Amino acid sequence: MMSARTKSARLEISKDFRFEAAHYFGHKPQGHAFRRIHGHSFEGSVTLSGEASDETGWVRDLVEIGEIVDRMTHDELDHRMLNEIAGLENPSLENLCAWIFDRLSDALPGLTAVEVRRPSCGERAKLSL
């Protein structure tokens with residue numbers, strides 16, 4: 001139960017996701033390691049903002065969010081060559097964030113951020129509204 005002080009507060013909830021994929025960066029010079037095909041274990045999260053329902057206490061069902069993310073992004077990205085996916089011809093972390101955000105924004109009202117990480121490299125990008 002929300003207190004009077006927190007009742008009007010806006011909440012943020014996040015759901016993590018993972019996928020494995022390969023890519024390359026054709027703009028790098030010949031011989032550069034990133035010009036060659038290589039793969040990563042990607043991790044990310046989607047963040048939604050909203051008010052908690054009086055009935056459920058939730059902003060949105062996190063399991064449902066995970067199912068939407070899986071259906072609309074994971075199935076398209078996992079074990080794929082990212083460069084071959086329309087809109088990801090240049091599959092930088094920044095472009096991955098924008099691609100995922102665009103794919104999910106209609107299905108996830110209240111979506112405010114998408115973050116994509118390459119933990120083994122210590123790298124991340126985040127697109128926030």
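A few points about this structure:
- Per DSSP, loop trypsin sites (Lys or Arg not before Pro) in region 17-125 with at most 15 further Cβ within 10 Å: 36
- Additional length obtainable on full extension of the chain from residue 106 to residue 10, 0.36 nm per residue less Cα span: 32.5 nm
- Based on Cα atoms of region 65-111, Rg over Rh with Rh as the Kirkwood radius reads 0.96.
- Angle of helix 93-104 to the longest C-alpha principal axis of the chain, folded into 0 to 90 degrees and rounded to 10: 50°.
- Shown here is the pair-distance distribution of region 40-127: with all Cα-Cα distances grouped in 10 Å bins from zero up to the longest one, the shares run 16, 48, 27, 8, 1 percent.
- Difference of contour (0.36 nm per residue) and Cα-Cα distance, residue 129 to residue 43: 29.0 nm
- Normalising the Debye intensity of region 1-93 to I(0), with uniform scatterers on Cα atoms only, and taking log10 at q = 0.19, 0.23 Å⁻¹ returns -0.89, -1.12.
Laboratory data are not the source of any read-out in this text; all were calculated from the coordinates shown. Predicted model only: the values in this text are computed from it and were never measured. Every residue, glycine among them, receives a Cβ derived from its backbone with ideal geometry; neighbour counts consider all protein chains shown.
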